[in-house]
Amino acid sequence: MSGSLLAISDLHIAHPDNRAIVESLQPDDPSDWLIIAGDVAERFDDIAWVFAVLRARFAEVIWSPGNHELWTHPNDRVQLRGEERYLKLVELARRLGVHTPEDPYPVFRGHGGPVVVAPLFTLYDYSFMAPGAATVEESLRLAHEAGVVCTDEFMLHPDPYPTRGDWCRARIELTERRLDAIDPALPTVLVNHYPLVREPTMVLRYPEFAQWCGTALTADWHLKYRAAAMIYGHLHIPRETWYDGVRFEEVSVGYPREWQKRERRTWLRQVLPSRQPA
């Protein structure tokens, strides 16, 4: 079987220039698969538009939610909160033929396959604490004092869980059961909006923001689940790094003010067939 596995994230199509990027995306081969690692948009209608456009072009589309999809935006016609909102997004994706973290993990059999592509939804539990913090409470206090506070604190609601950390831990437990059930003979491509390890956050301009970027509970997943690659976004720092011999790809587009400064603007990142480290 021909075809490549491609990836992108952080489309943020509320910005017209980013919407134009989505309109320009095309596969090189009609059998190409596309991973979307979250932050498509904040409003349901925009998310639906992206799913429909890209599903019509790519053989398969696989989505992991970002924090922006989970916001209850005051200008969105869908005012669901927390888990109810997430499940409504899953329903939307399924209706448009997009794979979600709640579906059977598809097996990519194109160039570089077979490999299980596992979209994940793990959230964060503030365990990537700010420098100098000994507790989550102290870490959040330091972030507020520094003026570095993620909008999630006001628009991403954890209902029915008491806190985002509680929701994160429930997602970790559920996801581990599903990953444990994958055929151990097959490698995986793990897809999550957040990196599974803390190291990629070390380059953030504001280190206090790392606490909204993942959880220490996933630190060994790239090894435990035989990852051929780990795909993530959220940081808006597109690059390739390697941890324990596993390739981590940050595949963000980001905001126009960020990507317009880049000399090279290659939107779709090739995941498979894979490349070897330099």
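Derivation of every value follows stated rules applied to the coordinates shown; laboratory data play no part. Quick caveat: nothing in here was measured; it's all calculated off a predicted structure. Here the Cβ is made from the backbone with ideal geometry for all residues, glycine too, and neighbour counts use every protein chain on show.
What is the diffusion coefficient of segment 1-152 in µm²/s, taking the Kirkwood radius over Cα pairs and the Stokes-Einstein relation at 10 °C with a viscosity of 1.306 mPa s?
94
Please report, in debye to the nearest 20, how large the charge dipole of the chain is about its Cα centre when each Lys and Arg carries +1 at its beta carbon and each Asp and Glu carries -1 there.
Dipole magnitude for the chain comes out near 560 debye.
Restricted to Cα positions, what overall size does segment 5-269 have along the principal axes? Three whole-Å values, descending.
50, 43, 41
For the peptides 154-162, 56-64, what is the packing order when you average, over each peptide's residues, the other Cβ atoms within 10 Å and list the highest mean first?
So the peptides 154-162, 56-64, ranked by packing, come out 56-64, 154-162.
Between the alpha-carbon centers of segment 74-131 and segment 11-73, tell me the distance in whole angstrom.
So the two Cα centres are separated by 12 Å.
Would you mind estimating how fast segment 138-221 diffuses translationally, via Stokes-Einstein at 20 °C and 1.002 mPa s with the Kirkwood radius over Cα pairs, in µm²/s?
Translational D for this selection: 145 µm²/s.
Once Lys and Arg get +1 and Asp and Glu get -1 on their Cβ, which of GLY82, HIS144, ALA37 lies farthest toward the positive end of the dipole of segment 5-269?
ALA37
Connecting C-alpha atoms closer than 10 Å in a GNM of the chain, tell me which of ARG169, ARG177, ARG198 has the biggest fluctuation.
Taking springs between Cα atoms under 10 Å, the residue moving most is ARG177.
In Å, what Kirkwood hydrodynamic radius results for segment 63-203 from the alpha-carbon pair distances?
One over the average 1/r among Cα pairs gives 16.9 Å for segment 63-203.
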